[in-house]
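First up is the structure itself, then whatever we jot down about it.
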Amino acid sequence: MEERAFGRSGQHASVVGLGTWQLGADWGDVDDKEALAVLETAAESGVTFFDTADVYGDGRSEQTIATFLRSRPDLHVFVATKMGRRVEQVPENYVLDNFRAWNDRSRRNLGVDRLDLVQLHCPPTPVYSSDEVFDALDTLVEEERVAAYGVSVETCAEALTAIARPNVASVQIILNPFRMKPLLDVLPAAEKAGVAIIARVPLASGLLSGKYTKDTVFAENDHRTYNRHGESFDQGETFSGVDFGTGVEAAVEFAALAPEGFTPAQLALRWIIQLPGVTTVIPGARTPEQARANASAAALPELSGETLTAIRELYDRRIKEQVEGRW
């Protein structure tokens, strides 16, 4: 699989990575054996970038990755984790002492002395403008606790503030055919600054797979049930902030745009992969079959101008009004 330079970090990442929120929590139940099988299949398919966080299953996702990598010392996988969501979300909690404590925990969970990448996990907006926060992150690098740091953001404005910071290696942002606003300013700014872009929620929480109907029911412990209106965290993390009914209808139209040999999910992933400025896209997978199909999107042909135009028209007509003013 193609690997791309990961911004100014000196590292590289496969163009299709693996998001591991599903392997920790908030997507219904997944057992340890199945989680390890997902990681194995992704690696066998050429994936060299795993994205996790300290709060995914209260550390379970990090620990599962560590278990897998111990069993496969032959593999080189770039593992990115996140920190900051274990405490009340106020700027005052984003301080060096907390960073060290969270870093210690993630390093234990992952079984490493130094993290490849740590990301602030969608912190309160004022955090992105705090010199003290980024001085503290620089200290983690100086102490060789982390090789590099980045941010995971909710809004384009937050992304642009972070990109302007001289030592930010990456910005993780929601980006998919139902969330196009980052194309306007964020991707060009990141490319110019040499900042990696990690595209998350690439399938709009599964909407773009084309598998759901308005009658689809998700488990009670699945965020697609309990966070549809932002009850537990930012609404944009669930179905990209799109109303479920609208999203299902638009997903039917989207699926009809898939060229021969593409699934709807692969169409969404291929669309992201070929955007200028994108480094890696991190779909999640609950089964080995999903992991394999997602990875295979990297080898599919580039989309035609006609298909790209049709995807844009669908977004402008059905989705843009719901999401673009909010994020």
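The values are calculated or read from the model by the stated rules, or taken from the named source; none is laboratory data. Only a predicted model underlies this, so the values are computations on that prediction, with no experimental measurement involved. Don't worry about glycine lacking a Cβ; one is built from the backbone with ideal geometry, like all the others, and counts go over all protein chains shown. Keep in mind that these areas ignore ligands, DNA and RNA; they rest on the heavy atoms of the full protein, side chains included. Shrake-Rupley method; radii C 1.70, N 1.55, O 1.52, S 1.80 Å.
Observations, loosely collected:
- Accessible surface, 1.4 Å probe, highest first, among residues GLU158, GLU220, GLU313: GLU220, GLU313, GLU158
- Intensity falloff of the range 139-233 expressed as log10 I(q)/I(0), Debye formula with alpha-carbon point scatterers, at q = 0.14, 0.18, 0.25 Å⁻¹: -0.66, -0.89, -1.23
- Set against the 2.2 N^0.38 Å expectation for a compact globular protein, the range 245-322 has a Cα radius of gyration ratio of 1.12.
- Intensity falloff of the range 35-92 expressed as log10 I(q)/I(0), Debye formula with alpha-carbon point scatterers, at q = 0.13, 0.26, 0.27, 0.28 Å⁻¹: -0.38, -1.09, -1.15, -1.22
- Of all DSSP-defined beta bridges confined to the range 143-289, some 10% are antiparallel rather than parallel.
- Value of Rg/Rh across the range 197-240 [Cα atoms, Kirkwood radius]: 0.97
- 31 Å Cα-Cα threshold exceeded, pairs from LYS82/LYS214; LYS33/LYS181; LYS33/LYS192; LYS211/LYS320; LYS82/LYS181: LYS82/LYS214; LYS33/LYS181; LYS33/LYS192
- For the range 11-86, the carbon plus sulfur part of the accessible surface works out to 47%, probe radius 1.4 Å.
- The chain: antiparallel DSSP beta bridges as a percent of all, rounded to 5: 15 percent
- Rounded to two decimals, the Cα-based Rg/Rh of the range 189-327, with Kirkwood Rh, is 0.95.
- Across the chain, Cα-Cα pairs farther apart than 37 Å form 9% of the total.
- Annotation note: GluC sites (Glu not before Pro) in the range 78-152 located in DSSP loop regions with a Cβ neighbour count of at most 16 within 10 Å are GLU88, GLU143, GLU144.
- ILE319 exposes around 0 Å² of accessible area when a 1.4 Å probe is run over every protein chain in place.
- Per residue, the range 99-192 exposes 37 Å² of solvent-accessible protein surface, assessed with a 1.4 angstrom probe and all protein chains in place.
- Residue-averaged 222 nm ellipticity for the chain, from DSSP H runs of 4+ at -39500 (n - 2.57), nearest 500: -10500 deg cm²/dmol
- Carbon plus sulfur fraction of accessible area for the range 222-305, probe 1.4 Å, in percent: 53 percent
- Counting heavy atoms of the protein chains alone, ASP32 has an accessible area of about 90 Å² for a 1.4 Å probe.
- Using a probe of 1.4 angstrom and keeping all protein chains present, the accessible surface of the range 1-85 works out to 38 square angstrom per residue.
- As computed over the range 62-154, the Cα convex hull volume per residue (Å³): 92 Å³
- Counting Lys and Arg as +1 and Asp and Glu as -1 over every other residue whose Cβ lies under 13 Å from the Cβ of THR125, the net charge comes to -3.
- Sequence-separation-based contact order of the range 35-147, relative, with Cα cut under 8 Å and 6+ spacing, percent: 27 percent
- Separation of alpha-carbon centers, the range 39-75 and the range 216-231, rounded to whole Å: 25 Å
- Whole-number percent relative contact order across the range 104-187, with pairs defined as alpha carbons under 8 Å at least 6 apart: 28 percent
- Per residue Cα convex hull volume in Å³ - calculated over the range 288-327: 117 Å³
- Calculated accessible area for the range 193-258 comes out at 39 Å² per residue, all protein chains present (probe 1.4 Å; ligands, DNA, RNA ignored).
- Distances between placed amide hydrogens fall under 5 Å for GLY284 paired with GLY19, all partners being 5 or more residues away or on another chain.
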